[in-house]
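The values are calculated or read from the model by the stated rules, or taken from the named source; none is laboratory data. Keep in mind the model is a prediction, meaning the values are calculated, not measured. FYI the Cβ positions are ideal-geometry reconstructions off the backbone, even for glycines, and counts take in every protein chain you see. For accessibility, only protein heavy atoms count, side chains too; no ligands or nucleic acids. Shrake-Rupley method; radii C 1.70, N 1.55, O 1.52, S 1.80 Å.
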Amino acid sequence: MYNMMQIRQIQQQDAASFIEFFKQLDAETKFMLFEIGERPTLLSQQIELIKKLESSVNEVIFIAIYQKHIIGFIALSRKPFNRVKHCFQLVIGVLESYHGKNLANELYQCAEQWAIDQGAIRIELSVIQENIRAIKFYEQLSFEKEGIRKKSIFSKGQLLDELYMGKILHSHIIKNPD
């Protein structure tokens, strides 16, 4: 995308910038789960959340940085239970002015490789059904539509449907990932 853009795992020193990034993202989009003011905004809270990620094999956040500003993120998380720890849940967000510049794809490639390294077989997500752009993006990455949760999101006075999508990374069964 840009010569000076960097994608890397989030670090504690990114906490203040991450808070500001989410303020802008939540103001720009109606498709993220959080509304304005619902995310943790205390620097100490954000630092603690990031600190927990640093040694985790169950969750990660990658950020995209351009001109010293966070412009996008992708998060993966899984439950630590043996029966489902091969499945990761995905959340991605990119500032509006960086849409259509391949940033989401670059973030996804980093996250997918990290998930594979952790023993992932499946990545899953949910997306508001009206978010056609995101659905097309996920389909280009080989995600498949798996179901609809009707009227599961309440936003701006409307009940919206949520589409579940998933991608199988490996078609073979492996031993319990550790």
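Run Leu25 past the list (1) open to solvent by 20 Å² or more (accessible area, probe 1.4 Å); (2) under 29 Å from Lys156 (Cα atoms); (3) among the hydrophobic types (A, V, I, L, M, F, W, C) and report the number of the one that doesn't hold.
The number of the failed condition is (1).
Is there a residue being surrounded by fewer than 18 Cβ atoms within 10 Å (Cβ to Cβ), hydroxyl-bearing (Ser, Thr, Tyr), in contact (Cβ under 8 Å) with a residue 12 or more places away in the chain and over 23 Å from Ala16 (Cβ atoms) anywhere in the range 121-142?
yes
Could you list, in sequence order, all residues of the range 46-91 that are β-branched (Val, Ile, Thr) and in contact (Cβ under 8 Å) with a residue 24 or more places away in the chain? Steps first, please.
So the first thing to find is which residues in the range 46-91 are β-branched (Val, Ile, Thr), and the list is 47, 50, 57, 60-61, 63, 65, 70-71, 74, 84, 91.
Ile47, Ile50, Val57, Val60, Ile61, Ile63, Ile65, Ile70, Ile71, Ile74, Val91, listed by residue number.
What about Ala27, is it modelled with pLDDT of 95 or more and of a type in the set (Gly, Ala, Ser)?
So Ala27 does not fit the description; no.
Please tell me if Leu76 is under 22 Å from Leu49 (Cβ atoms) and surrounded by 11 or more Cβ atoms within 10 Å (Cβ to Cβ).
Values: under 22 Å from Leu49 (Cβ atoms): yes; surrounded by 11 or more Cβ atoms within 10 Å (Cβ to Cβ): yes.
Here the answer is yes, as Leu76 does meet what is asked.
Can you tell me which of Gln9, Gln45 is open to solvent by 50 Å² or more (accessible area, probe 1.4 Å) and farther than 29 Å from Leu160 by Cβ?
Within the list Gln9, Gln45, the selection yields Gln9.
Which of the numbered conditions does Phe31 fail, given that it passes all the others? Conditions: (1) in contact (Cβ under 8 Å) with a residue 60 or more places away in the chain; (2) in contact with an Asp or Glu (Cβ under 9 Å, 6 or more places away or on another chain); (3) within 15 Å of Leu107 (Cα to Cα); (4) not aliphatic (A, V, I, L, M).
Result: Phe31 fails condition (3) only.
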